[in-house]
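K.L.:
Got a structure for you, written out below as structure tokens; questions coming shortly.
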Amino acid sequence: MVPRWPIVGRQAELAVFEAALASGEHAGLLIHGRAGVGKTRLADECRQLAAAAGHPTERVFGSRSTAEVPLGAVAVLLTGELSRPGPDGQLDTAALFEQSRRALYQGHGGRRLVIVADDVPLLDSASLALLGYLAAQGTIFLIATVRHGEPVPDLVTGLWREGRLERVDLADLSRADLGTLLRLALGGPVEAGTSREFWRITGGNPLYVRELVLGGRESGGLVERAGVWHLEGPVPSTARLADLVGQRIDGLSAGARSVVELLALCQPLELEYLEVATPAGVLEALERAGLVTIAAAGGEVRLAHPLHGRSCWPRPPGWKRPVRRARRRSGSRCGGWTRGASPTRPSWPAAPTWPATRTTSVRSGA
């Protein structure tokens, strides 16, 4: 398997970046998308292209820990002398920002510094202000990543509205691109049924694909025979992927989590039914977070990825009640269980493998 995962299906986005950087008129690029679609990977690829073109590069990270320290996330852009407070103990931010600009300009011989700011909504306000100042002055080209559902900082929105910031919205990979990614990552052709299984489980999410491939290689469930890669049984997971998905579910409100748990047992559900059964705003919040999809045409709600439902097991207390209620409203079936039967856990493979998707429908009319 290749040491560094290839980037696939992002040629259009890379072209947008190269054109924006070369134009000299743009201050940066915003990369927006759901968790796991490859925002950081694309930003790193852009950074490498910039370095190959002769630009100096740097990276800063947004996190909840650095957000509590003014300018903590961008300390790499400041010298110790510049970051010292004045006699009154306060920083003269205007002077500090201008001195920083001059130092960067002189230190890089007038070449524009390309900076990747990962998870930019988690940057503290002072760090955002400095990056905004440097970008507006043309000292840096800012590559900012924002997860779908997170607020976009005002400085990024302002640059975009002024036409000085390009924006790309990343989606999951297409089925064809997923097949290409598997072939390149594994270094050989992949059996068609194996590729279909990865598509069914991941929906083309690059992070999920990567973790499941690593899990398959480590467990021996993904093997090469006669030069072709095959799955031997269900797709194994990794502890890291379980943690990543679990963290997203654990951070939900009680109302939002109950919707995810119900969809894990019984999907799709009709939008009309869930709008009545859940508190106001819950469905919108789940859609913004990329955890559910709402089909406007059919009025159906589904989990965005099968893996989101898997993290809800073992069954929550009182799980039978909402399933029975949904089944009564459907008049017949829900999750494959018929009226009068006692719902039980679907016959999914035991952990650490992932479940198959169950396709059912709940009608809102009695």
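The values are calculated or read from the model by the stated rules, or taken from the named source; none is laboratory data. A quick note: this is a predicted structure, and the numbers were derived from the prediction, not measured. Cβ sites come from the backbone with ideal geometry, for glycine too, and all protein chains shown count toward neighbours.
K.L.:
Of the numbered conditions (1) of a type in the set (Val, Ile, Thr); (2) free of Cβ contacts under 8 Å to residues at least 60 places away in the same chain; (3) within 26 Å of residue 40 (Cβ to Cβ), residue 249 satisfies every one except a single condition; which is it?
P.N.:
It is condition (2) that residue 249 fails.
K.L.:
Let me ask something else about it. Give me a count of the residues in the range 11-46 that are among the acidic types (Asp, Glu) and over 14 Å from residue 143 (Cα atoms).
P.N.:
1
K.L.:
Which residue out of 187, 138, 227 is on the phi > 0 side of the Ramachandran plot and free of Cβ contacts under 8 Å to residues at least 60 places away in the same chain? Give the steps one after another, and end with the answer.
P.N.:
Numbers: 187 fails: free of Cβ contacts under 8 Å to residues at least 60 places away in the same chain; 138 fails: free of Cβ contacts under 8 Å to residues at least 60 places away in the same chain.
Answer to the check: 227.
K.L.:
Working only within the range 141-170, note down all residues that are among the hydroxyl-bearing types (Ser, Thr, Tyr) and in contact (Cβ under 8 Å) with a residue 24 or more places away in the chain.
P.N.:
The initial filter retains those residues of the range 141-170 that are among the hydroxyl-bearing types (Ser, Thr, Tyr), namely 145, 157.
Once the filter is applied, which keeps residues that are among the hydroxyl-bearing types (Ser, Thr, Tyr) and in contact (Cβ under 8 Å) with a residue 24 or more places away in the chain, the range 141-170 yields only 145.
K.L.:
Residue check: is residue 240 part of a strand (DSSP E or B) and under 20 Å from the mean Cα position of the chain (by Cα)?
P.N.:
Considered against the rule, which asks whether it is part of a strand (DSSP E or B) and under 20 Å from the mean Cα position of the chain (by Cα), residue 240 comes out as no.
K.L.:
While we're here: Which condition number does residue 151 fail, the rest of (1) more than 17 Å from residue 60 (Cβ to Cβ); (2) at pLDDT 95 or above; (3) touching a helix residue (DSSP H, G or I) at 6+ places or on another chain (Cβ under 6 Å) being met?
P.N.:
Of the numbered conditions (1) more than 17 Å from residue 60 (Cβ to Cβ); (2) at pLDDT 95 or above; (3) touching a helix residue (DSSP H, G or I) at 6+ places or on another chain (Cβ under 6 Å), the odd one out for residue 151 is (2).
K.L.:
Is the range 32-45 home to any residue that is without any contact (Cβ under 8 Å) to a residue 60 or more places away in the chain and in a loop (DSSP other than H, G, I, E, B)?
P.N.:
Taking the range 32-45 as the starting set, the residues that turn out to be without any contact (Cβ under 8 Å) to a residue 60 or more places away in the chain are 45.
Next cut, in a loop (DSSP other than H, G, I, E, B) only: none.
Within the range 32-45, not a single residue is without any contact (Cβ under 8 Å) to a residue 60 or more places away in the chain and in a loop (DSSP other than H, G, I, E, B).
K.L.:
Looking only at strands (runs of 3 or more DSSP E) that fall completely inside the range 84-176, which ones have 1 or more residues that are polar (S, T, N, Q)?
P.N.:
Because the criterion is at least 1 residues that are polar (S, T, N, Q), the strands (runs of 3 or more DSSP E) in the range 84-176 that meet it are 140-147.
K.L.:
Under 9 Å between Cβ atoms, which residue pairs at least 6 apart in sequence (or on different chains) link something in the range 52-72 that is touching a residue at least 40 places away in the same chain (Cβ under 8 Å) with a partner that is small (Gly, Ala, Ser) and in a strand (DSSP E or B)?
P.N.:
The qualifying pairs are 59/117; 60/117; 61/117; 62/117.
K.L.:
Determine which member of the set 204, 233 is at pLDDT below 85 and of a type outside the set (D, E, K, R).
P.N.:
When all the criteria are applied, what remains is 233.
K.L.:
Answer yes or no as to whether residue 202 is more than 21 Å from the chain's Cα centre (by Cα) and surrounded by 15 or more Cβ atoms within 10 Å (Cβ to Cβ).
P.N.:
Here the answer is no, as residue 202 does not meet what is asked.
K.L.:
Failed condition for residue 270, given (1) touching a helix residue (DSSP H, G or I) at 6+ places or on another chain (Cβ under 7 Å); (2) at pLDDT 85 or above; (3) buried (at least 19 other Cβ atoms within 10 Å of the Cβ), with all others met?
P.N.:
Residue 270 satisfies every listed condition except (1).
K.L.:
Residues to consider are 66, 40; find the one that is in the same structural domain as residue 143 (by TED's automatic domain parsing) and either at pLDDT 90 or above or more than 27 Å from the chain's Cα centre (by Cα) (or both).
P.N.:
40
K.L.:
Quick check: anything in the range 282-290 at pLDDT 80 or above, acidic (Asp, Glu) and in contact with a Leu (Cβ under 7 Å, 6 or more places away or on another chain)?
P.N.:
Looking for residues that are at pLDDT 80 or above, acidic (Asp, Glu) and in contact with a Leu (Cβ under 7 Å, 6 or more places away or on another chain), one finds none in the range 282-290, hence no.
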